[in-house]
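Derivation of every value follows stated rules applied to the coordinates shown; laboratory data play no part. Computed from a predicted structure; not experimentally measured. Here the Cβ is made from the backbone with ideal geometry for all residues, glycine too, and neighbour counts use every protein chain on show.
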Ligand code: WQD
């Protein structure tokens, strides 16, 4: 049985991937410093998997700690989630983002090399496409970044590309996420942003549950069917399954890859609001306000390459994304902090 090290393991996407990897027969070791997640996630994973999580509290930037973790657990591959991910925050704190996201990636790769582990699945983002000239977006489209967070994903991909070019023994899979949303069907784990949510669905969820009064819709004058921003929302469980498929390919075939993980279907802000109101049975009051700087009008994936290379495609629709998000929100109105 292959042993997989997950960094950022108690985060939103990583915790769902942890369950998917166990269900696929992998042994999992989790690493997290809880800088943006809660230890309560470990209790929830134990309830869901029936196994005591194998976990190490550490920062991926701590070379000595990472060396100890690799020596103790000897993983066959790494899924690297550990990174800060707020676009706006990255503009205010670029050094924190470059230090943590790129410093952490390099430190992890150095520990991998020192311990003969040369397979990594890397958490990348559709943000590397900037403002696409056409749609749907394919992996060979031009890449650009308009903020430090996006730069750390672009440079992270370049680091892994250079690593593979220097030594063919390195195999990497860069997964470009579109817009992850939803939660595990149990409602025991889900997205738990700290402070005011930056992203649309968690904000809508908090309005629906009464934690926030109204949603601000950032502009309705885009060149889209209803004027509001269009995005490719993908269920976090589908995303987790995409990581399992990428890992299985790295372990069973030579070579590296970069693929989009999206549904190929875009929905507008107002379409998502309507779907959430239907799923929750709650009104979602909103105001149209000014555009948010840096937003693009539309962004959605061409998911054909992931289907071709991984045999993977998204299975959950928007109604299911909203229903699973709502169940998580109602069972955990204050997120993990209430535990
Ligand atoms: C979606 C749509 C907003 C909030 C970001 C990052 C990306 C990835 C996913 C990390 C847009 C509108 C939002 C609100 C709104 N993160 N909106 N009111 O900006 O597409 O992507 O998160 O990997 O890298 O860039 O997602 O959910 O913030 O916005 O009207 O309160 O909802 O304008 O059209 P985004 P989002």
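Numbers below:
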quantity: Spin-label pair residue 138/residue 305, simplified geometry with 7 Å Cα→Cβ offset, distance in nm; calculated: 1.0 nm
quantity: Within the chain, helix-based [θ] at 222 nm, where runs of 4 or more DSSP H residues each add -39,500 (n - 2.57), nearest 500; calculated: -12000 deg cm²/dmol
quantity: The chain - percent relative contact order, Cα under 8 Å, separation 6 or more; calculated: 19 percent
quantity: Spatial separation of Cα centroids for segment 174-214 and segment 1-45, in angstrom; calculated: 19 Å
quantity: Translational diffusion of segment 202-339, µm² s⁻¹ [Kirkwood Rh, Cα pairs; Stokes-Einstein; 37 °C; 0.692 mPa s]; calculated: 197 µm²/s
quantity: Residues 325, 90, sorted so that the one with the fewest Cβ neighbours within 10 Å comes first; calculated: 90, 325
quantity: Taking segment 215-339 and dividing mean pair separation by its residue count, relative contact order in percent (alpha carbons under 8 Å, at least six apart); calculated: 38 percent
quantity: Two-decimal Rg to Rh for segment 1-53 - Kirkwood Rh, Cα set; calculated: 0.93
quantity: Directionally averaged shadow of the chain, computed from the convex hull of its alpha-carbon atoms, nm²; calculated: 15.7 nm²
quantity: Distance cut-off 20 Å, percentage of C-alpha pairs in segment 124-192 lying past it; calculated: 45 percent
quantity: Inter-centroid distance (Cα atoms) of segment 268-288 relative to segment 84-147, Å; calculated: 31 Å
quantity: Estimated FRET transfer efficiency when R0 is 35 angstrom, pair residue 23-residue 115 (beta carbons, to 0.05); calculated: 0.85
quantity: Directionally averaged shadow of segment 28-96, computed from the convex hull of its alpha-carbon atoms, nm²; calculated: 5.7 nm²
quantity: Order by protection proxy (mean Cβ within 10 Å, highest first), peptides 193-199, 6-12; calculated: 6-12, 193-199
quantity: Degrees, to the nearest 10: 12-23 long Cα axis against longest axis of the chain; calculated: 60 degrees
quantity: In degrees, nearest ten, helix 318-331 long axis to first principal axis of the chain (Cα); calculated: 80 degrees
quantity: Segment 264-316 - convex hull of alpha carbons, volume per residue in Å³; calculated: 101 Å³
quantity: On Cα atoms only, tilt of 103-114 relative to the major axis of the chain in degrees; calculated: 30 degrees
quantity: Three-way shape call for segment 164-243 based on the alpha-carbon gyration tensor, with the a/c threshold at 1.5; calculated: oblate
